[in-house]
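Peer 1: Mind having a look at this structure? Questions to follow.
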Amino acid sequence: MADEINLPNAVLVDGARIPFQRSGTAYNDMMAYDLGRIAIEGLLARSGINGSQLDRVIMGTVIQDVNTSNVARESALGAGVPNSVPAHTVTQACISSNQAITSAMELIRSGQAEIVLAGGTETMSDIPIRLRKNMRQKLLEARKYKSPGDWLKFFKGLSFSDFLPEIPSISEFSTGETMGESCDRMAARFGISREAQDEYALRSHQLAAKATKEGLLDGELLPAPVPPKFDPVTHDNTFREDTSMEKLEKLRPAFIKPHGTITAGNSSSFTDGASASLIMNEQTALDLGLKPKAYLRNYTYVAQDPEDELLLGPAYATPTVLDSMNMKLSDIDVFEFHEAFAGQILTVLKALNSDKFARENLDRDGKVGEIPMDKFNLWGGSLSLGHPFGATGTRIVTTAANRLIQEDGNLALVAACAAGGQGHAIILERYPG
């Protein structure tokens with residue numbers, strides 16, 4: 001722990017997010033910059049912290065808009081944070097805002113900062129679609145044209161296909177395989193059935209609906225005014241309260257056809273959203289009269305083969321972070337894992353509870369253990385609440401801290417997989433009192 005080696009304790013004082021929305025709905029006409037700006041502005045207003053008190057702003061994002069390539073800086077300025085506060089953007093696929101949070105922790109532990117705003121923002125409603133390479137090169141070359149005659153050679157060497165747009169593919173650059181295809185193969189290898197995946201997806205949607213009805217998510221939600229009428233969006237529109245096993249069973253495989261088990265119903269959906277958190281030096285928070293929600297303790301990042309173990313990050317990160325604190329799964333009261341796919345979650349849970357996986361992959365004598373489902377993602381997860389790539393990490397850390405308080409727990413474990421075969425885990429300890 002940080003205090004055992006005389007480093008300042010990093011604490012989560014507060015975290016929040018704008019309601020997550022399915023892409024193409026409420027935030028359809030807004031930029032990731034807008035979503036990040038609203039999240040930053042809302043959290044600062046709620047906490048009473050002035051933007052001038054921030055030492056740094058760090059935000060995660062995955063699909064970058066060239067107009068706002070450092071979206072953390074642009075969102076911070078748009079939210080009224082003074083231009084003297086540095087801001088930078090990090091990208092690490094689905095764990096981008098986890099990286100923002102742990103970067104904030106290190107700034108605080110090293111004494112370089114006292115207050116850091118860390119979060120993430122993402123829009124899938126307006127992804128960058130570009131011209132093909134031959135056309136791009138022609139246009140760059142055209143900047144040197146000086147006479148009308150020069151333009152006569154513009155079309156030389158271009159084919160009809162060069163005029164078609166190039167839509168980005170959500171696939172691994174190193175393997176060419178989509179995450180859904182990889183998850184389909186992994187689920188088959190670990191023996192995860194279609195029925196089990198649909199049952200888990202149903203659970204996620206039902207828990208998100210229940211948590212919303214009971215107001216359990218209200219503490220992490222910020223109203224998001226949407227132009228032109230600026231009517232505030234107040235709740236997620238991502239979960240399917242009316243879904244059922246019958247409806248899920250009717251869906252066809254989305255990736256490996258016709259025999260795959262991954263469908264739109266047991267996968268996280270394309271989502272727009274933003275999140276923000278205030279990470280502080282413990283003493284600074286107390287001096288400001290603020291009560292932290294949780295200590296941010298040990299964390300880890302891991303990486304595996306993106307071809308065969310793309311989504312297994314949490315199965316490697318979980319034992320690593322537990323060992324770093326001499327803990328076992330039984331010490332953890334709250335588990336919050338990112339749900340990319342139901343098949344991914346069930347595979348990770350099965351791997352953690354497997355002696356064979358422990359011996360062959362973790363160099364351990366026995367399995368890590370079984371995670372009790374009555375402690376696992378009880379307020380829904382990415383399958384139901386949505387997954388704006390750059391913003392999810394801060395959501396699950398915030399939810400974990402809020403659950404510790406709501407459920408009177410002491411320790412929480414957050415874990416997530418990410419593209420590139422990477423993963424992350426962090427342990428939170430509830431702040432006393």
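The values are calculated or read from the model by the stated rules, or taken from the named source; none is laboratory data. No experiment lies behind these values; they were computed from the predicted model shown. No Cβ is skipped: glycine too gets one built from the backbone with ideal geometry, and neighbour counts run over all protein chains shown.
Every residue, every condition in (1) of a type in the set (Gly, Ala, Ser); (2) free of Cβ contacts under 8 Å to residues at least 60 places away in the same chain; (3) touching a Phe, Trp or Tyr at 6+ places or on another chain (Cβ under 8 Å), yes or no:
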| residue | (1), (2), (3) |
| --- | --- |
| 163 | no, yes, no |
| 171 | yes, yes, no |
| 175 | no, no, no |
| 188 | yes, no, no |
| 197 | no, no, yes |
| 211 | yes, no, yes |
| 222 | no, no, no |
| 235 | no, no, no |
| 250 | no, yes, no |
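Peer 1: Is it the case, given these coordinates, that residue 76 is modelled with pLDDT of 95 or more, more than 25 Å from residue 295 (Cβ to Cβ) and either in a helix (DSSP H, G or I) or among the acidic types (Asp, Glu) (or both)?
Peer 2: Criteria met by residue 76.
Peer 1: Output the residue which, of all residues in segment 86-115 that are of a type in the set (A, V, I, L, M) and in a loop (DSSP other than H, G, I, E, B), is surrounded by the most Cβ atoms within 10 Å (Cβ to Cβ).
Peer 2: Filtering first and then ranking leaves 95.
Peer 1: Only one of 341, 357 is among the aromatic types (Phe, Trp, Tyr), touching a Cys at 6+ places or on another chain (Cβ under 9 Å) and modelled with pLDDT of 95 or more; which?
Peer 2: 341
Peer 1: Hey, another quick one. Within segment 315-341, take every residue that is assigned to a loop (DSSP other than H, G, I, E, B) and in contact (Cβ under 8 Å) with a residue 40 or more places away in the chain and give me the one that is surrounded by the most Cβ atoms within 10 Å (Cβ to Cβ).
Peer 2: Looking at residues that are assigned to a loop (DSSP other than H, G, I, E, B) and in contact (Cβ under 8 Å) with a residue 40 or more places away in the chain, I get 338.
Peer 1: Within segment 257-314, work out how many residues are within 20 Å of residue 174 (Cβ to Cβ) and either surrounded by fewer than 18 Cβ atoms within 10 Å (Cβ to Cβ) or out of contact with any His (no Cβ under 8 Å at 6 or more places or on another chain) (or both).
Peer 2: 10
Peer 1: Right, another one. Can you name every one of the helices (runs of 4 or more DSSP H) wholly within segment 342-418 that holds 1 or more residues which are among the charged types (D, E, K, R)?
Peer 2: In segment 342-418, 342-352, 355-361, 392-406 are the helices (runs of 4 or more DSSP H) which contain 1 or more residues that are among the charged types (D, E, K, R).
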